[in-house]
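Engineer: Attaching a single structure in structure tokens format; questions to follow.
The values are calculated or read from the model by the stated rules, or taken from the named source; none is laboratory data. In this text the structure is predicted, and so the values were computed from the model without any measurement. All Cβ positions, glycine included, derive from the backbone under ideal geometry; neighbour counts span all protein chains shown.
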Amino acid sequence: MEKGILYRIAGPVVVAKNLKAKMYDVVRVGKEKLMGEVIQIDGDKVIIQVYEDTSGIKPDEEVINTGKPLSVELGPGLLTSIYDGIQRPLPVLQELMGDFIKRGIDAPGLDRKKKWDFKATKKKGEKVKGGDILGEVEETEGVMHKILVPPNIEGKITALESGKYTVDDTIGELDNGTKIQLMHSWPVRKSRPVKQKLPPITPLITGQRVFDAFFPLAKGGVAAIPGPFGAGKTVSQQQLAKWSDADIIVYIGCGERGNEMTEVLTEFPHLTDPRSGRPLMNRTTLIANTSNMPVAAREVSIYTGITIAEYYRDQGFSVALMADSTSRWAEAMREISSRLEEMPGEEGYPAYLSTRLAEFYERAGRVIPLGTDKEGSISVIGAVSPPGGDFSEPVTQSTLRVTKTFWALDAKLAQRRHFPSINWLTSYSLYLNQLSPWFKESVSADWTETVAHCMKILQEEDKLLEIVQLVGSDSLPEKEQLTLEVARLIRENVLQQNAFHDIDTFSPLPKTYRLMKIILHFSSLAQGSLGRGMRMKQIIATKAKDRIANAKFEKDYDKLLTDIEHEMQEEFNKLG
Amino acid sequence: MLKEYKTIEKIAGPLIFVKNTEPIGYADLVRIQLPSGEIKNGQVLDTSKDIVVVQVFEGTSGIDKETKVKFLGENIKLAVSKDMLGRILSGAGKPIDGGPEIVPEKRVEIIGAAINPFSRNSPSEFFQTGVSTVDAMNTLVRGQKLPIFSGSGLPHNEIALQIARQSKVVGEGAKFAIVFAGMGITNEEAQYFMRDFEETGALERAVVFLNLADDPAVERLITPRMALTAAEYLAYEHDMHVLVILTDLTNYCESLREIGAAREEVPGRRGYPGYMYTDLASIYERAGMIKGRKGSITQVPILTMIGDDITHPIPDLTGYITEGQIVLSRELHRRGVYPPVDVLPSLSRLMNSGIGGKKTRDDHKQVSDQLYAFYAEGRDLRGLVAIVGEEALSERDRRLLHFAAEFEDNVVRQSNREDRSIQQTLDIGWKLLAKFPKRELSRISPELKEKYWKGTE
């Protein structure tokens, strides 16, 4: 291995001399062998970002180049794990160094001792190429982990046996001498190859009414969720991680609060997936690089996460990746960039900020993997924390240019305790048309019209409220007062959803649909009544509509809504 | 034997540049001896074989090229001991109360390592401050970091002292301590703090660090870390529940900017360094609880919002890291309400996990929701009344309008010597709610209304 010596140390960026190195090679720095990565080469100087605290490191200490790029280990054991930004398992770190994160300790991403029950599906003599499925392992209950031929490798199988193996045992061999293991590594900064990228056509069902109905995200799509502090970014991200109908969830806590990761860790094992009935943790990988952990490791945590997501995608799974928050990632880039004394772009961010963001989001998508015809997808949901809640800042703007779904969090709604505080007037989804055939077929033929009708009422409300502020609602014509009332019902019963209520926390599509329908039904009954000379006062006094709210919290919502519908009909019959 | 160098090349602001040294460790502590004999301390910011950059804590005045520089080969450490309780120390950890030096039990690096998120325990225990707007409306939970967003001229120091005096952790045999760190505070404020701590007896269970406004800016950067190191020692080695009060973070951030500028760094928003988020996180994230350890660290950092602007980088970055915020209102202060806490923009993210039946009282959540809802409506109506007059309001709206005033007078307002238990606060809440008909209390369940509502229909 190539060696050099340290020349200069200034925080997380150090300079080595006399070191032969390629860009992005992983190096070991100083006596304590801290992990670092080459990020710039300038004459005889090699500039390295170090993933651990550099206090006490001196010039003249040794730097060793491993010659390999920063990689993650891919294989069974990723699910239910919690990692730091460079894929060191946090429980192992706790064992090795106690409750506080110290430095200079290496821990492999996958457990070397655990034995997995491997069932081969390919036989001796078969020809295989990169991405082909050799067999499977039940990683957690219900998740069949496919063992893949590492990309860029091909040959004829000369040996392959089912049996119990650890991740680094040899399970087989190819005719060119390549030994096959349950795990392989992949460099994090390089996207894994696929056979073909496809346009997204099915929605990622989130169980959150405002997302599913009004601003749906496609499987393989990308969404940005920006908002000021206290608007509910993290709760929204966690809701998506809990209830999305993806097969695999990768949750990256990038530069966020330690207590939040603890919350996810304590909560997820006790929550059950509404579809499979198994613990949510079984399909989840967590990456936690909290705000006080080293900044260079924060920069890389996003790549670690997306590479793991790609690995599961290549097995034909639909993966949803949550990154909370991409702003902290951008800030880490800014910090490193400013230590390199690069020419800053807007607000001190490096000029390559938008390229990096775009590259990251481009790793999402619906694809046909190399080795299987079963489609896989990665949907990415990136939280953005704009300073002062100002969406015109560079990270939000660069993100919006590449994401097709925009969920705008609004502090004013949060203060009025309207949750999830997604602003329905400024948010958008460009997948609406692509996805509407799916909704028509899977939920109801008039899904698209129903959603559009509700949205129209909400937009009318917004216009009317401007007038109301000037003249008061009593001076509006009766018909428009009705619009306000219907809009209120939509806001309170469709848009608002209680993340902390056992039943309301997850709303299946048929429920979302029926809630919208019943409100529109009320609207048309009321319009009929107004036409026959009834007054708004009498309509407001009807009781059935107030019970719609109960349906949100009712397990057997179907029956209750049918009841309410009958009662509503009767009330209006009586009104005449 | 450590070498002494007389090779200062350049002096600029708080920085000195030393050349021709042996290899020097990054972040090592530095001792600087002036020709006058005066000793100053510093820390290595940037080290290379050509030049070593040292930041001098006490400022560079008096340093010349004849000054001797010695590198100590270790990071900044704080001598900790249980005897620190009851003592007043300078921002650099030296006694300033006229008492003897502290005999250290051990010396600990002040740059704390990050707690492994896997080792953390979720905060879930109620922490009583005796201040209604905090306890009932934005409950502080053990292990939480909940800042107070204030403005210049608002009584945040008084509130800080009141919380320091009154705080208790509920539970048997729990040992409690306060670590108080003043950063960049005026001499007058320092006197006021010291007097108050001594007179009220709060000093007995407190460690006080005071960095004054005329102390060097660089020292301000180590004061909160000294305080948190002391807190960690008391919490994790002596099983104490420690409340850390830090005031004023705005002064801290100003120093951070000053040092950044002296180092000629690329500035971020409003000239503050781009790494301010990470830097603040390395302070705030030291709050918490650890599995298997009895102690805890709860933080109440105080900052003054520049121009009362909550989107200014200091409150903004703080809000993104801390678990909520208590916001003080200039309007309430003008009307003579103490403590002038505006509950509407205030928030405690961990409140729900620290309240309820066994922790506070069964009605806590619902009463607080109801008070919140009514007060928000009442406040909105004030704007309307200014235009249309009170007569034009419906009966319900008039009730809400009066409620908002009564809420401010009875729940928000309390004397700075009044220590209200959570039960007392909730009872006050019910007294106000009794003026509403039962059916209007939409946020409260029928059972709880039956149990606590004492109005007449």
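Engineer: Got at least one residue in segment A:38-55 being within 11 Å of chain B (Cβ to nearest Cβ), surrounded by fewer than 21 Cβ atoms within 10 Å (Cβ to Cβ) and without any contact (Cβ under 8 Å) to a residue 12 or more places away in the chain?
Structural biologist: Taking segment A:38-55 and keeping what is within 11 Å of chain B (Cβ to nearest Cβ), we get A:45, A:50, A:52-55.
Pick out the ones that are also surrounded by fewer than 21 Cβ atoms within 10 Å (Cβ to Cβ) and you get A:45, A:55.
Among the residues that remain, those that are also without any contact (Cβ under 8 Å) to a residue 12 or more places away in the chain are: A:55.
Among the residues of segment A:38-55, at least one is within 11 Å of chain B (Cβ to nearest Cβ), surrounded by fewer than 21 Cβ atoms within 10 Å (Cβ to Cβ) and without any contact (Cβ under 8 Å) to a residue 12 or more places away in the chain, which makes the answer yes.
Engineer: As an exercise: evaluate B:K82 against (1) within 23 Å of B:A213 (Cβ to Cβ); (2) among the charged types (D, E, K, R); (3) touching a His at 6+ places or on another chain (Cβ under 8 Å) and give the number of the one condition it does not meet.
Structural biologist: (1)
Engineer: Of everything in segment A:112-131, what is at pLDDT 95 or above and among the acidic types (D, E)? Give them in sequence order.
Structural biologist: If the condition is that a residue be at pLDDT 95 or above and among the acidic types (D, E), then A:D117 is the only one that fits.
Engineer: (1) surrounded by fewer than 20 Cβ atoms within 10 Å (Cβ to Cβ); (2) in a loop (DSSP other than H, G, I, E, B); (3) away from chain A (no Cβ under 14 Å): which one isn't true of B:I63, the others all being true?
Structural biologist: (1)
Engineer: Would you point out the residue of segment A:56-70, among those that are surrounded by fewer than 19 Cβ atoms within 10 Å (Cβ to Cβ) and assigned to a strand (DSSP E or B), that is nearest to the other protein chains (Cβ to nearest Cβ)?
Structural biologist: Among those that are surrounded by fewer than 19 Cβ atoms within 10 Å (Cβ to Cβ) and assigned to a strand (DSSP E or B), it is A:E62.
Engineer: Is it fair to say A:K179 is without any contact (Cβ under 8 Å) to a residue 12 or more places away in the chain and surrounded by fewer than 24 Cβ atoms within 10 Å (Cβ to Cβ)? Steps first, answer last, please.
Structural biologist: Values: without any contact (Cβ under 8 Å) to a residue 12 or more places away in the chain: yes; surrounded by fewer than 24 Cβ atoms within 10 Å (Cβ to Cβ): yes.
Considered against the rule, which asks whether it is without any contact (Cβ under 8 Å) to a residue 12 or more places away in the chain and surrounded by fewer than 24 Cβ atoms within 10 Å (Cβ to Cβ), A:K179 comes out as yes.
Engineer: Sticking with this one: Has segment A:501-509 got any residue that is in a helix (DSSP H, G or I) and surrounded by 13 or more Cβ atoms within 10 Å (Cβ to Cβ)? If you could, list the steps in order and put the result at the bottom.
Structural biologist: Of all residues in segment A:501-509, those in a helix (DSSP H, G or I) come to A:509.
The next check asks that each one be surrounded by 13 or more Cβ atoms within 10 Å (Cβ to Cβ); those that pass are A:509.
Yes, there is a match, as at least one residue in segment A:501-509 is in a helix (DSSP H, G or I) and surrounded by 13 or more Cβ atoms within 10 Å (Cβ to Cβ).
Engineer: Does segment B:298-305 contain at least one residue that is of a type in the set (A, V, I, L, M), within 30 Å of B:Q414 (Cβ to Cβ) and touching a Cys at 6+ places or on another chain (Cβ under 6 Å)? Can you show your working first?
Structural biologist: Step one: list which residues in segment B:298-305 are of a type in the set (A, V, I, L, M), which gives B:300, B:302-303, B:305.
Then drop every residue that is not within 30 Å of B:Q414 (Cβ to Cβ), which leaves B:300, B:302-303, B:305.
Still in the list and also touching a Cys at 6+ places or on another chain (Cβ under 6 Å): none.
No: zero hits.
Engineer: In segment B:112-169, how many are within 11 Å of chain A (Cβ to nearest Cβ), hydrophobic (A, V, I, L, M, F, W, C) and more than 30 Å from B:E331 (Cα to Cα)? Full working, then the answer.
Structural biologist: Of segment B:112-169, the ones within 11 Å of chain A (Cβ to nearest Cβ) are B:112-124, B:141, B:143-145.
Adding the requirement that they be hydrophobic (A, V, I, L, M, F, W, C) leaves B:113-115, B:118, B:141.
Now restrict to residues that are more than 30 Å from B:E331 (Cα to Cα): B:113-115, B:118.
Residues meeting the conditions: 4.
Engineer: Please verify whether segment A:382-394 includes one or more residues that are without any contact (Cβ under 8 Å) to a residue 24 or more places away in the chain and in contact with a Leu (Cβ under 6 Å, 6 or more places away or on another chain).
Structural biologist: Within segment A:382-394, not a single residue is without any contact (Cβ under 8 Å) to a residue 24 or more places away in the chain and in contact with a Leu (Cβ under 6 Å, 6 or more places away or on another chain).
Engineer: B:I16 fails exactly one of the following numbered conditions: (1) out of contact with any Asp or Glu (no Cβ under 7 Å at 6 or more places or on another chain); (2) at the interface with chain A (Cβ under 9 Å from one of its Cβ atoms); (3) not in a loop (DSSP other than H, G, I, E, B). What is the number of that condition?
Structural biologist: (2)
Engineer: Can you name the condition, by its number, that A:V14 falls short on among (1) over 23 Å from B:G260 (Cα atoms); (2) assigned to a strand (DSSP E or B); (3) within 11 Å of chain B (Cβ to nearest Cβ)?
Structural biologist: Status for A:V14: all satisfied but (1).
Engineer: Across segment A:17-33, what is the number of residues that are away from chain B (no Cβ under 14 Å) and surrounded by 15 or more Cβ atoms within 10 Å (Cβ to Cβ)? Reasoning before the result, please.
Structural biologist: Within segment A:17-33, the subset away from chain B (no Cβ under 14 Å) is A:19-28, A:33.
Of the ones still in play, those that are also surrounded by 15 or more Cβ atoms within 10 Å (Cβ to Cβ) are A:19, A:21, A:24-28, A:33.
The number of residues fulfilling the criteria is 8.
Engineer: Moving on. Report, by residue number, each residue of segment A:349-376 that is over 27 Å from A:T426 (Cβ atoms), touching a Lys or Arg at 6+ places or on another chain (Cβ under 9 Å) and of a type outside the set (D, E, K, R).
Structural biologist: The answer is A:P350, A:V367, A:I368, A:P369, A:L370, A:G371, A:T372, A:G376.
Engineer: Output yes when any residue across segment B:420-440 is in contact (Cβ under 8 Å) with a residue 24 or more places away in the chain, under 31 Å from the mean Cα position of the chain (by Cα) and part of a loop (DSSP other than H, G, I, E, B), and no when none is.
Structural biologist: yes
Engineer: Can you pull out the residues in segment B:272-303 that are facing chain A (nearest Cβ under 8 Å) and among the β-branched types (V, I, T)?
Structural biologist: B:T278, B:I290, listed by residue number.
Engineer: Would you check if there is a residue in segment B:305-318 being at the interface with chain A (Cβ under 8 Å from one of its Cβ atoms), polar (S, T, N, Q), touching a residue at least 24 places away in the same chain (Cβ under 8 Å) and not in a loop (DSSP other than H, G, I, E, B)?
Structural biologist: No.
Engineer: Checking the condition surrounded by fewer than 17 Cβ atoms within 10 Å (Cβ to Cβ), out of contact with any Lys or Arg (no Cβ under 6 Å at 6 or more places or on another chain) and within 14 Å of chain A (Cβ to nearest Cβ), which residue from B:L393, B:L381, B:L371 passes?
Structural biologist: Just one listed residue meets the conditions, B:L393.
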